[in-house]
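The values are calculated or read from the model by the stated rules, or taken from the named source; none is laboratory data. In this text the structure is predicted, and so the values were computed from the model without any measurement. Reconstructed Cβ throughout: ideal geometry from the backbone, glycine too, with neighbour counts over all protein chains shown.
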Amino acid sequence: MGTGAAALAFGTRPALATPPQTSAPTPTNTAQPPASTAPFFTPAEHAFLQAACERIFPQDESGPGAIALGVPQFIEQQMATPWAQGQTWYMQGPHISGPANLGYQLPYTPQQIYRLGIAGTQHWVQTQHNAAFEALPPAVQDAVLSALEQNATTFENLPSAMFFEQLRSDTLEGAFADPLHGGNRHLAGWKMMNFPGARADYMEWVDRYATPYPYGPVSITGQTG
């Protein structure tokens, strides 16, 4: 999953004398515009995102799929972070092809990867199947995603495998991250693998070997499941 951290610095300074006021100061136009709540993904992009995430993490006998877990909402929420805007790592050039051990070398932020990847996939699918990705049968959707994973095409120099890996990684993070980040709705992702979550004390269970842990998961904010 991709979020920034803020550091707070505390200091002291002498109190400043303030002259008394005999009347209220004249108000000025200091009202700030409300923070933007517009979603990053367009409705068409969101339709693709829902369909693709659900095929990567489908509902089955083990539990709910990506849509029920809130994975698309998780990814939407991540797009508003400094991470998605490329502010948390070096993004200057040169951008050259190199061995994998040199790490990420492309000029695209996560926001740009999604924008280019979704548009490119939809265009590619239209030429292959004359339909949008979300309108395809599940088996065909799986074949498209497999082709992306195998780097079958590129989108403005963005390898399709890079887009698929971003989508797959974010889907899994949304399914299993703390619900604080927008996914793992009702802690269902953790319930599927019996993960206890953010419980603070396990001392009484340290030496209970081969004994199932009987308590459900707890989120960072205290939500229980």
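In the stretch 73-93, the residues that are part of a helix (DSSP H, G or I) form Cβ pairs under 8 Å with partners that are among the β-branched types (Val, Ile, Thr), at six or more places apart or across chains, as follows: Ile75/Thr171; Gln78/Thr3. Return yes when Val125 is surrounded by 18 or more Cβ atoms within 10 Å (Cβ to Cβ), without any contact (Cβ under 8 Å) to a residue 40 or more places away in the chain and either over 17 Å from Gly70 (Cβ atoms) or out of contact with any helix residue (DSSP H, G or I) (no Cβ under 8 Å at 6 or more places or on another chain) (or both) and no when it is not. So Val125 fits the description; yes. For Glu204, the criteria (1) loosely packed, with under 13 Cβ neighbours inside 10 Å; (2) part of a loop (DSSP other than H, G, I, E, B) hold in every case but one, which is (2).
Yes/no per residue for (1) touching a Ser or Thr at 6+ places or on another chain (Cβ under 6 Å); (2) part of a loop (DSSP other than H, G, I, E, B); (3) hydroxyl-bearing (Ser, Thr, Tyr):
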| residue | (1), (2), (3) |
| --- | --- |
| Ile118 | no, no, no |
| Asn151 | yes, yes, no |
| Met162 | no, no, no |
| Ser169 | no, no, yes |
| Glu173 | no, no, no |
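Residues checked against (1) farther than 27 Å from Gln126 by Cβ; (2) of a type outside the set (Phe, Trp, Tyr); (3) more than 20 Å from the chain's Cα centre (by Cα):
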{"residue": "Val144", "(1), (2), (3)": "no, yes, yes"}
{"residue": "Glu149", "(1), (2), (3)": "no, yes, no"}
{"residue": "Ser160", "(1), (2), (3)": "no, yes, no"}
{"residue": "Ala177", "(1), (2), (3)": "yes, yes, no"}
{"residue": "His181", "(1), (2), (3)": "yes, yes, no"}
{"residue": "Arg208", "(1), (2), (3)": "yes, yes, yes"}
{"residue": "Tyr215", "(1), (2), (3)": "yes, no, yes"}
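Quick check on my filter: what residues within the stretch 37-60 are assigned to a loop (DSSP other than H, G, I, E, B), of a type outside the set (Phe, Trp, Tyr) and either at pLDDT 95 or above or in contact with a strand residue (DSSP E or B) (Cβ under 6 Å, 6 or more places away or on another chain) (or both)? Of everything in the stretch 37-60, those that are assigned to a loop (DSSP other than H, G, I, E, B), of a type outside the set (Phe, Trp, Tyr) and either at pLDDT 95 or above or in contact with a strand residue (DSSP E or B) (Cβ under 6 Å, 6 or more places away or on another chain) (or both) turn out to be Thr42, Pro58, Gln59. Among the residues of this structure, Ala139 counts as one that is within 23 Å of Pro64 (Cβ to Cβ), assigned to a helix (DSSP H, G or I), of a type in the set (A, V, I, L, M, F, W, C) and free of Cβ contacts under 8 Å to residues at least 12 places away in the same chain. From the list Leu167, Leu145, Leu172, the lone residue that is touching a Lys or Arg at 6+ places or on another chain (Cβ under 7 Å) and surrounded by 15 or more Cβ atoms within 10 Å (Cβ to Cβ) is Leu145.
Looking at the stretch 63-72, which of its residues are within 11 Å of the chain's Cα centre (by Cα) and not in a loop (DSSP other than H, G, I, E, B)? Selection gives Val71, Pro72. When we screen Asn130, Asn157, Asn194 for residues that are of a type in the set (S, T, N, Q) and at pLDDT 95 or above, the only hit is Asn130.
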